Amino acid sequence: MIVMKRLSILFASLLMLVSLKANAQNGRILLLESFTNTGCGPCAAYNPAMDALIAANSDIIAAIKYHVNWPSATDPMYLHNTSDNGARTSYYGVNAVPHVVVDGNHFSGSPNQLNQNVINQLQAIGSPFELRLGYEVDPAANTITVNVMGQSSQEIIGNLKLYVGVIEKEIHFNSAPGSNGERDFYSVMKKLLPNASGAYIGNVAAGDYFAYSFTWELANIYDMSQLDAIAWVQNYNTKEVYQACKSSQVVEPFYANEAALGEVGNVKSVYCNGMASPSVVLRNFGSNPLTSAELEVSVNGDPLKTVQWNGNLPTFASETVDLGEISFAVEAENTLEVQIKSINGGDDEAPYNDTATFVFTGAPENVAKVLKLTIRTDNNPQEVTWQVRNMDSDEVVLEGGPYEQANHNYTEVLEIVGDGCYDFTIFDAGGDGLSNGNGFYGLKAGSATLFSGGQYGFSESNEFSYEVFEDVEETTSVTSVFPNPTSGTVTIMSEGRQKVAIYNMSGQRVFEGLSDGYLRIDLKAYGAGVYAVQVGDETQRIVVK
């Protein structure tokens, strides 16, 4: 008997983990993926025999169990990570539990159909990959970092992906958490890294090598001593798993001198002034300590500077390298590139991961457009603030927040009173951006969105260019506006009959009329502020603030 799925729900997200381990293996390691639920009676009947089979083959099976949301939607191990559990369930089209999948498309069915003979037959199939895995827990940061390296012995064409699963090896409940009476659960999936979609590898040739490092914030762990990690390479289209990998105490890197560049940091998605101070993550994937690295920084193919780094990074350790200030000509589309030129005084033995890039755009020209900032607060609106800074004077010209209402839309008009390049920065005191809920922010100039976001940690910055009004040529007409400043009424004197228009600093036209050499206007109805008076037509005009 099996329990059929009545409703499909895949949603939400999660985080978690901790400790140092590793692995180096030859031969095929089978990936066993099990689907179960605490309200499933047949699961309680079949799981003990399957768990015994896994334990008897612990050296050749990497197991991971996903908890589905039926027949019980209150299964705590499903609720701890609904998105990843749901993604793998949907990927295989599982609609009944218990269900087990071995090596993707090699075996799929009920656990009572899996036995030692099947395991032996599948394990005898040769694997084209060697995988090595190590992980390290940082209790202070409450994170786990998993490092995975692999090499192919033959060419494989296909949509290959690398998946990493963080698991809790054993979870024991004093009282059964579901209606089927089970109290002991094994190899429970806690998180898929980098996410449920895996890391793209693509086609590989014989001898191709790859190395990845993934970090995840720990959450929903019952017993930290039971944490572990596994990895596997899978063809996403055919579902075939070519190789899996378990962790062990010692890992030997493939190369002695091998470094990699990770995320480019301290950069913006939009620039207008052509100045940046980027950083990059430098990681050691070699068996030798990494003591020096020469890094080249370029923008749009133009080398800007070379940075010499010196330090002492052991295997798998990393450091964020400050690349210093760079200046560049901003184009509509731009690419910042950091490349390793040498390490430890020589060549990197595996240069495939020696380049890190960041793509950004140039700020479009915004002339006299209404700037509107929209913020959808998350569950902690009191943590959100923002500011606008003039890049030339370094003066904060506008600021806002914190906010009072959670999950509420706020819209603010940003009144920019001077031409130039501006930096917009949004802050979150809690360090999780607007992600604690359905929050987001966006800045528009007229109907065009300049930039938007929500997942930004403690802060996120972008730049925008603004011109209060279009450049105009002075006419020979004698035009005066007085008194200036005024408490309300202004007098405009011009030479002959002229068009007159008045704009506020958001670019909105608040008055339009004609002057026969003399015109008085009362501005009190439009409120206090800075206004621009335009006298003349499109071909000959002047602007007076």
Within the set of pairs 6+ apart or on separate chains, which have a first residue in region 282-302 that is in contact (Cβ under 8 Å) with a residue 40 or more places away in the chain and of a type in the set (D, E, K, R), a second that is open to solvent by less than 50 Å² (accessible area, probe 1.4 Å) and in a strand (DSSP E or B), and C-beta atoms under 6 Å apart? Arg283/Ser213; Arg283/Ala260; Arg283/Gly262; Glu294/Ser342
Considering region 80-104 alone, what residues qualify as being in a helix (DSSP H, G or I) and not hydroxyl-bearing (Ser, Thr, Tyr)? Asp84, Asn85, Gly86, Ala87, Arg88
Which residue out of Gly324, Gly311 is more than 30 Å from Leu414 (Cβ to Cβ) and assigned to a loop (DSSP other than H, G, I, E, B)? Gly324
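Taking region 446-481, which residues are of a type in the set (D, E, K, R) and at pLDDT 95 or above?
Taking region 446-481 first, the residues of a type in the set (D, E, K, R) are 460, 463, 467, 470-471, 473-474.
Selection gives Glu460, Glu463.
Among the residues of region 275-294, which ones are assigned to a strand (DSSP E or B) and either surrounded by fewer than 18 Cβ atoms within 10 Å (Cβ to Cβ) or under 24 Å from the mean Cα position of the chain (by Cα) (or both)?
Those that are assigned to a strand (DSSP E or B) and either surrounded by fewer than 18 Cβ atoms within 10 Å (Cβ to Cβ) or under 24 Å from the mean Cα position of the chain (by Cα) (or both): Met275, Ala276, Ser279, Val280, Val281, Leu282, Arg283, Asn284, Thr291, Ser292, Glu294.
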Inside region 327-379, can you point out the residues that are farther than 30 Å from Gly454 by Cβ and either assigned to a loop (DSSP other than H, G, I, E, B) or open to solvent by less than 20 Å² (accessible area, probe 1.4 Å) (or both)? Ala329, Ile340, Ile343, Asn344, Gly345, Asp347, Asp348, Glu349, Ala350, Asp354
Go through (1) within 18 Å of Ala244 (Cβ to Cβ); (2) part of a strand (DSSP E or B) one by one and return the number of the condition Ile144 breaks. (1)
Taking only region 221-274 into account, find how many residues are within 23 Å of the chain's Cα centre (by Cα), part of a loop (DSSP other than H, G, I, E, B) and surrounded by fewer than 17 Cβ atoms within 10 Å (Cβ to Cβ). 2
Which numbered condition trips up Ile201, out of (1) open to solvent by 20 Å² or more (accessible area, probe 1.4 Å); (2) out of contact with any Pro (no Cβ under 9 Å at 6 or more places or on another chain); (3) at positive phi? (3)
For region 409-434, pairs from a residue that is more than 13 Å from Asn366 (Cβ to Cβ) and acidic (Asp, Glu) to a residue that is open to solvent by 50 Å² or more (accessible area, probe 1.4 Å) and in a strand (DSSP E or B), with Cβ under 8 Å and 6 or more apart or across chains, are Glu412/Lys372; Asp423/Arg389; Asp428/Ser459
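The values are calculated or read from the model by the stated rules, or taken from the named source; none is laboratory data. It should be emphasised that the depicted structure is a prediction, and the values quoted were computed from it without experimental measurement. Neighbour counts are summed over all protein chains in view; Cβ atoms, including those assigned to glycine, are modelled from backbone coordinates with ideal geometry. We work out accessible area using only protein heavy atoms, side chains counted, and drop any ligands, DNA or RNA first. Shrake-Rupley method; radii C 1.70, N 1.55, O 1.52, S 1.80 Å.
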